[in-house]
Amino acid sequence: MRVVLLGPPGVGKGTQGRRLASERGWALISTGEMLREAVTKETPLGLEARRRMDKGELVPDDVMIGLMRERTKEPDAAEGFVLDGFPRTVPQADALEKMLKERGQQVDAVVSLNVAEDDLVQRLSARWECPVCQRAYGATAAPKQRGRCDDHPETELVQRVDDAPETVLRRLDVYRRQTEPLVEYYRTLGKLREVSGTGSVEDVFASLRRAVNGAPARS
Ligand code: AMP
């Protein structure tokens, strides 16, 4: 299956997507993660994306569409994938529909995760991430050892540059203007499932699983 996770920054797309993908044996494709890796490696993509990411703005559609066209063709994505952070605009969603259709594939389900906006701001400012495996920690998912990843205790957790309070507000604004219209876009296509992102990681995952299982399953 091919699943899109939709929702504002901080709603838990990465955490939930990682679990879903590993449970089903699908690829987790996180565009934010791919871009951050490109920034660290200072590739041409990273150099182009960095300034916009640091300001909480979107990377241009043509760059993102080209990136996804290649990534979704990789062998690990053949059985299915979970998209975290793509599409983020209507042109990206149109391009995704088109590129999958050309391959005789489609997006099978789009899960929209929702939490109250005040919670998002709080979650993002309390978010810490493992630089090795990108696992996110926060108030509802504390590490066993303070400041250390459970799976890589030798590494200190870090905060993302774009989780700074003023950048968070900018990202939420960009989300409302450019990404939220995709909720109606996918509702119209009959693909939307809505899930509350409030509660423990386990509870949200149980709802996500129900939402994905309820989607018409096509390989
Ligand atoms: P995320 O980790 O999903 O919050 O993404 C971090 C940043 O990467 C975003 O604020 C954007 O600058 C950029 N980004 C990630 N995915 C996309 C996308 N699909 N389109 C444009 N920019 C993106």
Hey, what number do you get for the chain at 222 nm if only DSSP H runs of n ≥ 4 count, each worth -39500 (n - 2.57), divided across all residues, to the nearest 500? -13500 deg cm²/dmol
Given Cα positions, please report Rg to Rh for segment 27-89, the hydrodynamic radius being the Kirkwood one. 0.97
Per-residue counts of other Cβ atoms within 10 Å, averaged by peptide: what ranking do you get for 166-175, 121-130, highest first? 121-130, 166-175
Solitary cysteines of the chain, where the nearest other Cys Cβ is not under 4.7 Å: C133
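Using Stokes-Einstein with the Kirkwood hydrodynamic radius over Cα pairs, what translational diffusion coefficient do you get for segment 28-134 at 10 °C and a viscosity of 1.306 mPa s, in µm²/s rounded to a whole number?
Using the Kirkwood radius from Cα pairs, D works out to 103 µm²/s.
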Going by average Cβ density within 10 Å per residue, which order do the peptides 76-82, 5-11, 64-70 take, highest to lowest? 5-11, 76-82, 64-70
Here the residues of segment 9-43 lying in the modelled label zone of R52, meaning backbone nitrogen under 13 Å from a point 7 Å along Cα-to-Cβ, are 32, 35-36
Given R₀ = 30 Å, what would the calculated FRET efficiency be for C133 paired with K73, taking r from the Cβ atoms and rounding to 0.05? 0.80
Nearest-0.05 FRET efficiency for E37 and R210 at R0 = 25 Å, using Cβ-Cβ distance, is 0.20
Unsatisfied cross-links (Cα-Cα over 28 Å) in the set K73/K144; K13/K191; K55/K191: K73/K144; K55/K191
Amide H partners (placed H, <5 Å) of S30, local residues excluded: D84
Given backbone amide H placed at 1.01 Å from N, residues whose amide H is under 5 Å from that of R193, ignoring those fewer than 5 places away on the same chain, are V110, V111, S112
Rounded to 5, the percent of DSSP beta bridges in the chain classed as antiparallel: 25
Percent of C-alpha pairs per 5 Å bin, the chain, short to long: 1, 7, 15, 19, 22, 19, 12, 5, 1, 0
Mean separation of Cα pairs under 8 Å and 6+ residues apart, divided by the residue count of the chain: what relative contact order is that in percent? 30
List the residues, sorted by chain then number, that are 5 or more residues from V59 or on another chain and whose placed amide H is less than 5 Å from its amide H. none
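Quick note: the coordinates plus some simple rules give every number you see, no bench work behind them. This structure is a prediction, so every number in the text was calculated from the model and none was measured. Cβ sites come from the backbone with ideal geometry, for glycine too, and all protein chains shown count toward neighbours.
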